[in-house]
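Participant: Got a structure for you, written out below as structure tokens; questions coming shortly.
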Amino acid sequence: MKQETKLFEGKTLAILSGGGDTPAINSSIEAVRNRASLLGFKVYGVRQGWKGMLGEGDVVDLTNQPYDGWYGGTALRSSRTNPFPSKKNPESRVPQVLRNLERYKIDVLVTIGGDDTNGAAKRLYEMEGIPVIGFPKTIDNDLRTRTIHHYEGKDIEAVLCPGFPSAAKAVAEFSANLKTTAESHSRIIVLEVMGRDAGWLTGSAIFGGAGPLALIPEVEITRERKEFFLETVKEEYMRSPKRCLVIPVSEGVRWFDEKTGKVDVVYASSEVDEYGHPRFGGISGVIASEISNKLGIEARAQISGYYARAGHCRMYDRRLTQTLADKVADLLIREEYGMMPVMKNLVPFVELEEFNTSAIDMGKIGNKPLSEDYFDANTFSFTDAYRNFLEIVLEKPEFDEFRYNFPVVIPE
Ligand code: F6P
């Protein structure tokens with residue numbers, strides 16, 4: 001019997017993951033690996049992002065290897081290495097990348113990452129003709145995936161990045177747990193959430209029962225806004241039945257500092273990475289102490305930090321990564337490079353199918369802030385449209401409510 005040759009028999013595809021990890025990267029790697037194998041590719045994994053393409057290279061063979069796509073993080077590991085010259089590293093390491101692509105005989109490279117990793121890959125494609133395909137990834141959900149959210153007759157430009165659904169679920173669960181301790185102490189807890197310059201992830205705390213007040217990087221907290229915000233905090237606290245609030249705030253919130261007279265973010269360190277990004281951290285402490293000092297209400301800060309991106313891949317992300325990997329297979333067959341698969345429409349779990357995907361230029365995915373449709377700057381709260389966006393991705397809120405109204409005992 002004649003043996004059938006697969007379309008890409010004898011070719012090698014390599015996968016790398018760069019930037020901050022998410023719970024959905026292993027799922028993306030497994031899904032791309034499986035589809036590429038079916039097409040006949042030998043599949044390699046490049047370890048530590050672009051770093052694994054430098055020097056002698058750090059490459060493993062993923063073909064026919066068992067792979068656990070439910071396990072969070074990335075088994076290929078990650079780095080924020082930039083092969084192009086940067087302020088931190090002015091030397092171009094592109095020749096090293098090209099040399100290794102040749103040494104390992106890599107025909108196609110799939111880069112799982114955000115704007116930085118995929119942007120570098122796109123430059124390699126444009127400058128050197130290296131066949132690359134991007135794959136979206138970030139818990140920040142700030143890549144311009146051009147995913148349309150149909151809401152009450154309106155088409156809102158939303159974003160849907162693998163990693164966000166799992167992280168959003170984790171933040172919702174975290175805030176739901178936090179609520180019980182806030183209730184017990186009649187406190188305000190200011191919950192700091194990752195997300196860099198965008199408030200997408202911060203909003204997911206409302207699905208854990210946090211809010212209604214929240215602060216996001218897209219809304220600058222000037223001196224006047226700060227006064228109004230603090231007044232609103234007091235009103236909401238007094239109105240809350242259990243005298244407590246969990247206020248989600250983005251790590252990148254820009255807050256008026258009385259000492260300097262300026263609006264600024266709070267940095268965790270003065271260092272920047274090879275793409276020029278600083279690291280945020282600590283705004284929750286600043287806001288909590290201003291609430292305590294100015295309003296006389298006990299307030300505490302809690303940084304959710306890496307909890308958001310830690311742990312296993314959730315159901316929605318699992319199917320999302322598989323659906324986008326189906327589109328990668330389509331791009332491979334058409335030999336369409338320099339592109340990235342995305343969801344065309346925001347759809348619930350059961351509609352995550354290839355016909356709902358499209359491909360966009362992977363070099364034009366720059367930072368997408370939260371749309372104005374999703375946050376009301378006047379009330380410092382997420383809108384019903386945002387709740388609907390979350391309902392599609394997370395299905396239902398996570399929180400329990402213990403409603404009690406014990407009769408007060410009056411001694412005789
Ligand atoms: O971009 C993803 C992200 O998790 C951001 O939300 C956060 O600001 C940053 O990475 C943290 O970076 P690092 O992993 O270098 O601490």
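The values are calculated or read from the model by the stated rules, or taken from the named source; none is laboratory data. Keep in mind it's a predicted model, so treat the numbers as computed, not measured. Because the Cβ atoms are built from the backbone with ideal geometry, glycine has one as well, and the counts that use them run over all protein chains shown.
Participant: Taking the options 99, 80, name whichever one is in contact with a Phe, Trp or Tyr (Cβ under 9 Å, 6 or more places away or on another chain), within 27 Å of residue 127 (Cβ to Cβ) and not aromatic (Phe, Trp, Tyr). Reasoning before the result, please.
Facilitator: Values: 99 fails: in contact with a Phe, Trp or Tyr (Cβ under 9 Å, 6 or more places away or on another chain).
Step by step, each of 99, 80 is checked, and only 80 is in contact with a Phe, Trp or Tyr (Cβ under 9 Å, 6 or more places away or on another chain), within 27 Å of residue 127 (Cβ to Cβ) and not aromatic (Phe, Trp, Tyr).
Participant: For the subset of segment 376-412 comprising residues that are β-branched (Val, Ile, Thr) and outside any loop (DSSP other than H, G, I, E, B), which member is farthest from residue 173 (Cα to Cα)?
Facilitator: So the first thing to find is which residues in segment 376-412 are β-branched (Val, Ile, Thr), and the list is 379, 383, 392-393, 408-410.
This time we only want the ones that are outside any loop (DSSP other than H, G, I, E, B), so: 392-393.
Values: 392: 17, 393: 15 Å.
Among those residues, the one meeting the criterion is 392.
Participant: Let me ask something else about it. Working carefully through the options 179, 169, find the one that is within 16 Å of the ligand (Cβ to nearest atom), out of contact with any His (no Cβ under 9 Å at 6 or more places or on another chain) and in contact (Cβ under 8 Å) with a residue 24 or more places away in the chain. Explain how you work it out, then say what you get.
Facilitator: Values: 179 fails: within 16 Å of the ligand (Cβ to nearest atom).
Going through 179, 169 in turn, the sole match is 169.
Participant: Something else: Could you tell me which numbered condition residue 138 fails, if it satisfies all but one of (1) in the same structural domain as residue 377 (by TED's automatic domain parsing); (2) touching a Cys at 6+ places or on another chain (Cβ under 8 Å)?
Facilitator: Residue 138 satisfies every listed condition except (1).
Participant: All but one of (1) touching a strand residue (DSSP E or B) at 6+ places or on another chain (Cβ under 6 Å); (2) under 30 Å from residue 287 (Cβ atoms); (3) not assigned by TED's automatic domain parsing to the domain that holds residue 32 hold for residue 155; which doesn't?
Facilitator: The single condition residue 155 does not satisfy is (2).
Participant: Let me ask another. Report every pair of residues separated by at least 6 positions or lying on different chains whose Cβ atoms are under 6 Å apart, first residue within segment 22-34 and more than 20 Å from residue 171 (Cβ to Cβ), second assigned to a helix (DSSP H, G or I) and of a type in the set (Gly, Ala, Ser).
Facilitator: Between residues of segment 22-34 that are more than 20 Å from residue 171 (Cβ to Cβ) and residues that are assigned to a helix (DSSP H, G or I) and of a type in the set (Gly, Ala, Ser), the close pairs are 31/325; 32/325.
Participant: Also, I was wondering about something else. Which of the residues belonging to segment 1-24 are in contact with a Gly (Cβ under 9 Å, 6 or more places away or on another chain) and over 22 Å from residue 107 (Cα atoms)?
Facilitator: The initial filter retains those residues of segment 1-24 that are in contact with a Gly (Cβ under 9 Å, 6 or more places away or on another chain), namely 5-11, 14-24.
Scanning segment 1-24 gives 19, 20, 21, 22, 23, 24.
Participant: With the checklist (1) touching a residue at least 60 places away in the same chain (Cβ under 8 Å); (2) in contact with an Asp or Glu (Cβ under 6 Å, 6 or more places away or on another chain); (3) over 20 Å from residue 28 (Cα atoms) in hand, flag the one item residue 305 doesn't pass.
Facilitator: (2)
A quick yes/no check of all residues on (1) buried (at least 24 other Cβ atoms within 10 Å of the Cβ); (2) under 30 Å from residue 205 (Cβ atoms); (3) touching a strand residue (DSSP E or B) at 6+ places or on another chain (Cβ under 7 Å); (4) among the hydroxyl-bearing types (Ser, Thr, Tyr):
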site	(1), (2), (3), (4)
112	yes, yes, yes, no
118	yes, yes, yes, no
141	yes, yes, no, no
166	yes, yes, no, yes
181	no, yes, no, yes
185	no, yes, no, no
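Participant: Restricting attention to segment 323-352, which residues are polar (S, T, N, Q) and crowded, with 21+ Cβ neighbours inside 10 Å? Reasoning before the result, please.
Facilitator: Initial filter on segment 323-352 (polar (S, T, N, Q)): 323, 345.
Scanning segment 323-352 gives a single hit, 323.
Participant: Now for a different question. So, in segment 307-321, of the ones that are surrounded by fewer than 21 Cβ atoms within 10 Å (Cβ to Cβ) and not basic (Lys, Arg), which residue ends up farthest from the ligand (Cβ to nearest atom)? Spell out the reasoning first.
Facilitator: Just the residues of segment 307-321 that are surrounded by fewer than 21 Cβ atoms within 10 Å (Cβ to Cβ), to begin with: 307, 310-312, 315, 319.
Restricting the remaining residues to those that are not basic (Lys, Arg) gives 307, 310-312, 315.
Values: 307: 11, 310: 10, 311: 14, 312: 17, 315: 21 Å.
Here the residue is 315.
Participant: Quick one: what pairs do we get from segment 248-262, first residue over 18 Å from residue 168 (Cβ atoms), second at pLDDT 95 or above and among the β-branched types (Val, Ile, Thr), C-beta under 6 Å, 6+ apart or different chains?
Facilitator: Sorted first by the residue in segment 248-262, then by its partner, the pairs are 253/283; 254/263; 254/265; 255/221; 256/221; 256/222; 256/263.
Participant: Looking only at segment 73-110, filter to residues that are farther than 24 Å from residue 340 by Cα and touching a residue at least 60 places away in the same chain (Cβ under 8 Å); which one of those is surrounded by the most Cβ atoms within 10 Å (Cβ to Cβ)?
Facilitator: Here the answer is 86.
Participant: I'd like to check which strands (runs of 3 or more DSSP E) are fully inside segment 187-306 and have at least 1 residues that are over 30 Å from residue 49 (Cα atoms), within 15 Å of the ligand (Cβ to nearest atom) and modelled with pLDDT of 95 or more.
Facilitator: Details: elements: 188-193, 245-250, 255-257, 262-264, 267-272, 278-280, 299-303.
Per the criteria, 188-193, 245-250.
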